[in-house]
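The values are calculated or read from the model by the stated rules, or taken from the named source; none is laboratory data. All values derive from a computational prediction rather than experimental measurement. Reconstructed Cβ throughout: ideal geometry from the backbone, glycine too, with neighbour counts over all protein chains shown.
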Amino acid sequence: MSATAIPSFAQTSADGPDPESIRLRLGPLMVNPRIGLTNLGVDDNVFNQAEDQNPKRDVTATVTPMADLWLRMGPSWLQSTIREDLVWYQTYASERATNSRLSAEWRLPLNHLHVKLAPFYTNTRERPGFEIDARSQRIEYGGTGTIELRVASKTFLGVNASWQQVDFDSVATFDGVNLREALNRTVETAGARVREQLTPLTSLTFTASREQARFTFSPLRDSNSTSLTAAVEFEPFALIKGRASIGYRNFDPLSPGLPDYKGLTANGDLSYTLLGTTRFGVQFIRDVQYSYFVDQPYYLQTGVSGSVMQKLFGPLDVVVRGGTQQLAYRDREGVFTIDVNRVDYFHTYGGGLGYHIGRDLRIGFNVDQEHRISDVSRRQYDALRYGTSVTYGF
């Protein structure tokens, strides 16, 4: 169930961390330890089952210890975030899990040369998106790298590359499909970019990139993509925080029986705080995603979600959130498909109340409703999830 969001990175810029986010110093190492009981409550549809499948109800809890670490290394900064989600279900022990994430970022901001390397590692049983309802074990690892050269006072030319490996467990299945055979893949991307530093806290970047996706056991899903993207990025100390991009993607499957996609893409995660009392957040996406269906091997995901948190009086706050996602599937040519041009819709809405104790402790109560509409009856479901959250150090 949803609760107060846990950021993947604390307040950090090219000049280092926000001093207010540092709670522990060990010599040159700065640490911000945090922990949260991100939910203790009831999930009334553990497996996202349709009404005629007798949805299962259970009591669940998730404890999330994590820490941000910073280390100054000469003119560069190294930051890392370590996070564990300890997920517990009272009755359905098969859904219990330990989800691990490790991400790092090394920044070298010199006068004429900027370098950034960002490796990551994830070992999780979280659902991998809005399509697959099984909590199947998978490992994802890889990284991104960027090298930029200053060619004018505020203009940088650079190159960027990324690499990602996705490996599902050999026994991971959903809807009768072995996810390892369907979705194990390697994705490689390389490109060139121009970045304009509009202000000390805001930059605009134009990128042209080429992507190759190669599937280990399902080459019918292999594809190449060419993308042109414009992105605006705000440093964590800016009035608006986050990143937003819009672009054009030419997605070209290598299988001749699969239609391509040429069109708009977008991605964003932005937040804004008004007068220190009202916080707005919005996330949006439009891009190609890979499906486990062999006859509909990818879909176009278009979605938006948002939240508003308002301080009421004293230590009380209230939050309202909601979102919608559309999954438009592409059919493989020459194959009989019952649900031609299928489109699934996923809607969420909810809210909560919070009570703050001091600077670091928040106790909340959250209620969230999920609803999926699909032409495939077994894919439809409703789920109500509610409970308590306790976060410290966020």
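Considering only residues that are of a type in the set (D, E, K, R) and either assigned to a loop (DSSP other than H, G, I, E, B) or over 24 Å from the mean Cα position of the chain (by Cα) (or both), which ones fall in segment 150-167?
Arg150, Lys154
How many of the residues in segment 207-222 are of a type outside the set (A, V, I, L, M, F, W, C) and either within 13 Å of Ser291 (Cα to Cα) or modelled with pLDDT under 95 (or both)?
Qualifying residue count for the region: 4.
Just to be sure before I move on: is Arg83 more than 30 Å from Leu40 (Cα to Cα) and touching a residue at least 60 places away in the same chain (Cβ under 8 Å) in the structure I sent?
It is false that Arg83 is more than 30 Å from Leu40 (Cα to Cα) and touching a residue at least 60 places away in the same chain (Cβ under 8 Å).
Does Gly322 satisfy the criteria of being closer than 28 Å to Asp43 by Cβ, surrounded by 15 or more Cβ atoms within 10 Å (Cβ to Cβ) and touching a residue at least 40 places away in the same chain (Cβ under 8 Å)?
Judged against the criteria, Gly322 is not a match.
Can you find, within segment 147-172, the residue that is surrounded by the most Cβ atoms within 10 Å (Cβ to Cβ) among those that are small (Gly, Ala, Ser) and farther than 24 Å from Glu211 by Cβ?
Looking at residues that are small (Gly, Ala, Ser) and farther than 24 Å from Glu211 by Cβ, I get Ala172.
Give segment 127-146 a look and list any residue that's assigned to a strand (DSSP E or B) and surrounded by 17 or more Cβ atoms within 10 Å (Cβ to Cβ), or say none.
Arg138, Gly142, Thr146, listed by residue number.
Of all residues being among the charged types (D, E, K, R) and modelled with pLDDT of 95 or more in segment 173-195, which is surrounded by the fewest Cβ atoms within 10 Å (Cβ to Cβ)? Just the residue, please.
Going through the qualifying residues, I end up with Glu188.
Could you tell me whether Gly350 is touching a residue at least 40 places away in the same chain (Cβ under 8 Å) and surrounded by fewer than 17 Cβ atoms within 10 Å (Cβ to Cβ)?
In short, no.
Here's a check for you: in segment 168-186, which residue that is touching a residue at least 40 places away in the same chain (Cβ under 8 Å) and assigned to a strand (DSSP E or B) is nearest to Leu220 (Cα to Cα)?
Arg185
Report every pair of residues separated by at least 6 positions or lying on different chains whose Cβ atoms are under 7 Å apart, first residue within segment 28-56 and farther than 30 Å from Ser377 by Cβ, second charged (D, E, K, R) and not in a loop (DSSP other than H, G, I, E, B).
Matching pairs, first to second residue: Pro28/Arg72; Asn32/Asp68.
When segment 249-262 is examined, which residues are found to be in contact with a strand residue (DSSP E or B) (Cβ under 9 Å, 6 or more places away or on another chain), of a type outside the set (Ser, Thr, Tyr) and touching a residue at least 24 places away in the same chain (Cβ under 8 Å)?
Within segment 249-262, Arg249, Asn250, Phe251, Asp252, Pro253, Leu254, Leu258, Pro259 qualify.
Could we say that Phe336 is within 30 Å of Thr277 (Cα to Cα), among the hydrophobic types (A, V, I, L, M, F, W, C) and at pLDDT below 90 here?
No; evaluated as a whole, the condition is false for this residue.
Would you mind stating whether Leu300 is buried (at least 16 other Cβ atoms within 10 Å of the Cβ), aliphatic (A, V, I, L, M), at pLDDT below 95 and under 26 Å from Thr173 (Cβ atoms)?
no
Looking only at segment 338-380, how many residues end up being in contact with a Phe, Trp or Tyr (Cβ under 9 Å, 6 or more places away or on another chain), of a type outside the set (A, V, I, L, M) and closer than 23 Å to Asp295 by Cα?
7
Mind checking whether some residue in segment 274-294 is touching a Phe, Trp or Tyr at 6+ places or on another chain (Cβ under 7 Å), over 21 Å from Phe168 (Cβ atoms), crowded, with 17+ Cβ neighbours inside 10 Å and in contact (Cβ under 8 Å) with a residue 12 or more places away in the chain?
No, there is no match, as no residue in segment 274-294 is touching a Phe, Trp or Tyr at 6+ places or on another chain (Cβ under 7 Å), over 21 Å from Phe168 (Cβ atoms), crowded, with 17+ Cβ neighbours inside 10 Å and in contact (Cβ under 8 Å) with a residue 12 or more places away in the chain.
Which one of the conditions (1) outside any strand (DSSP E or B); (2) touching an Asp or Glu at 6+ places or on another chain (Cβ under 8 Å); (3) aromatic (Phe, Trp, Tyr) does Tyr349 fail to meet, given that it meets all the rest?
(1)
Would you point out which residue out of Leu270, Leu312 is over 17 Å from the mean Cα position of the chain (by Cα), of a type in the set (A, V, I, L, M) and farther than 19 Å from Phe130 by Cα?
From the options Leu270, Leu312, the qualifying one is Leu312.
Among the residues of segment 225-259, count how many are more than 16 Å from Ser291 (Cα to Cα) and not in a loop (DSSP other than H, G, I, E, B).
Looking only at that region, the number is 21.
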